[in-house]
1. Which number in (1) on the phi > 0 side of the Ramachandran plot; (2) modelled with pLDDT of 90 or more; (3) not basic (K, R) marks the one condition that G226 misses?
2. Here is a list: F375, F333, F405. Which entry is in contact with a His (Cβ under 9 Å, 6 or more places away or on another chain) and touching a residue at least 40 places away in the same chain (Cβ under 8 Å)?
3. Across the range 117-133, what is the total count of residues that are in a helix (DSSP H, G or I) and in contact with a Leu (Cβ under 9 Å, 6 or more places away or on another chain)?
4. Working only within the range 332-344, note down all residues that are under 19 Å from L43 (Cα atoms) and either in a helix (DSSP H, G or I) or aliphatic (A, V, I, L, M) (or both).
5. For the structure I just gave you, tell me whether S67 is modelled with pLDDT of 90 or more, under 19 Å from the mean Cα position of the chain (by Cα) and either assigned to a loop (DSSP other than H, G, I, E, B) or of a type in the set (S, T, N, Q) (or both).
6. Name every residue in the range 71-118 that is without any contact (Cβ under 8 Å) to a residue 60 or more places away in the chain and among the aromatic types (F, W, Y), in order of residue number.
7. Hey, any hits in the range 47-61 for a residue that's out of contact with any Lys or Arg (no Cβ under 8 Å at 6 or more places or on another chain), in a loop (DSSP other than H, G, I, E, B), more than 20 Å from V170 (Cβ to Cβ) and at pLDDT 85 or above?
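The values are calculated or read from the model by the stated rules, or taken from the named source; none is laboratory data. Computed from a prediction, not measured in an experiment: that's the story for all the values here. Backbone-built Cβ (ideal geometry, glycine too); neighbour counts: all protein chains shown.
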Amino acid sequence: MPETALPVNRVLGHLRLPVYSRAYALILSSASTAVLGFLYWTLAARLYSPHDLGINAALISTMMFLSYVAQLSLSGALARFIPTAGRATRRLIVGAYAVAITISAVIATVFILGCGLWAPELRSMLNTPGAAAWFLAATMAWSLFALQDAALTGLKRTVWVPIENTVFAVVKVVLLVALATSLAGSGIYVSWTIPAALSVVPINILIFRFFLPDHTARHGHLEPEGGVGLIARYLVSDYGGSLLVSVSNSVLPLIVLATAGAQANAYYYVAWTVAYSMQLFSVNMGTSLSVEGGADGRQLAAALRRMLRLLVALQLPLVVVIATLSPFVLQIFGSRYSDEGAMLLRLLILGILPHGLNAICLGAARVRRRLRVLFGIQAGQAGLFLALAILLLPPLGIAGVGLAFLVAQSAVAAVALTTQIIPLLRAEGPVASTDLEPTPAAAADAAVSVPSRPQP
């Protein structure tokens, strides 16, 4: 064999490991979304005033948070149970869609009716029947937009996820520019929500017309794994903690808006967006770990080692570069964003590695069905972050939010490392399943992972 073929063979062998191939596919999707998202918010900062950007960003964050509440962690349930749902696959997908749409409509309506009470800064964006109706429709559409990705991955059509997200991001950018003069006050929000709503129809035509029948033909003989009770317990285990994380991430723009004003919220939001794109990398690594470990729990320790190595190899260089060049990174958005947000971005970026450790630990906890660990890590991340941010924001400004993120992620990571990851790496044999009854593992070729939905 020629020597030049040896590195190629090693790379191919590396990529044949499912835990790596799935992680790289999802990271590639996140990377393309992050690049286009960076372009989107750069243009938004250049074409719209900081005040308008701050208000629109808060409204987008609120819409996404309400949608997340309504989804009840059903994205994870779809990806977890579609591969083993057999003849019940269609019923599972339709049921998840119906629940999410219904709850989205109720929650969005309640928010609109009480907007003046709990978010008076956003009242001007929802003060007409048309604007209120669009917010309601956008929240419902975003829930479908998120769940359809989980359905695609559960049906082993993950290749469509980066395609869909890339098209979504490109159309966002085009609309953002087109609306800058005609709809300056709400162009950012409109450009974000229209592409999501438009993508729902063609993607679900593909799902129900082509992908679902093919999946049923190949796997319809399988007996559905568990039942409603098992799915409900799975949802409860993940929903509480992940909801707290979503609350902390989504409520902070409103807190910054109310405490420091719309311009400060714009500077905060841009820096958070840059840092959040790197968070998605580690979230997807944790997801890949949970899928691969779920397919064969005996391989959890080996998969955990691989993900930890990948975390350091991919994220450590990026953390060093971005933390060092934070002022120059934000200079792209404008000098005010660099002046006001550089320290915030540096602190957020330094929190990326401990965040990645926590994400990988969450993936292992899902494999082991350790519900208390799953909830505890997420509750610790969210509770510490939100409490410290509220405490540090007034004296330190938006940099206080970055310090809160770094301290919260580091504290939780220290506990996760000593109590969960190190004992797991030392353990041998199949993992223990303690908090839920054991369930049949999905076949390795049926395992899929849930990509993270892009956020502003």
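1. All conditions pass for G226, except number (2).
2. After applying the criteria, what remains is F405.
3. Of the range 117-133, the ones in a helix (DSSP H, G or I) are 117-118, 120-125, 129-133.
Filter once more, so that each one left must be in contact with a Leu (Cβ under 9 Å, 6 or more places away or on another chain): 118, 121-122, 125, 132.
Total meeting the criteria: 5.
4. Initially, the range 332-344 is screened for residues under 19 Å from L43 (Cα atoms), giving 332-342.
Within the range 332-344, I332, S335, R336, Y337, S338, D339, E340, G341, A342 qualify.
5. Answer is yes for this residue.
6. Passing the criteria: Y97, F111, W118.
7. Within the range 47-61, the first condition is being out of contact with any Lys or Arg (no Cβ under 8 Å at 6 or more places or on another chain), and the residues that meet it are 47-49, 51-61.
Among the residues that remain, those that are also in a loop (DSSP other than H, G, I, E, B) are: 48-49.
Now restrict to residues that are more than 20 Å from V170 (Cβ to Cβ): 49.
Subsequent filtering for residues that are at pLDDT 85 or above retains 49.
Yes, the range 47-61 has at least one match.
A quick yes/no check of all residues on (1) on the phi < 0 side of the Ramachandran plot; (2) surrounded by 24 or more Cβ atoms within 10 Å (Cβ to Cβ):
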| site | (1), (2) |
| --- | --- |
| A34 | yes, no |
| G54 | yes, yes |
| A58 | yes, yes |
| M63 | yes, yes |
| S67 | yes, yes |
| S73 | no, no |
| G86 | no, no |
| W118 | yes, no |
| S124 | yes, no |
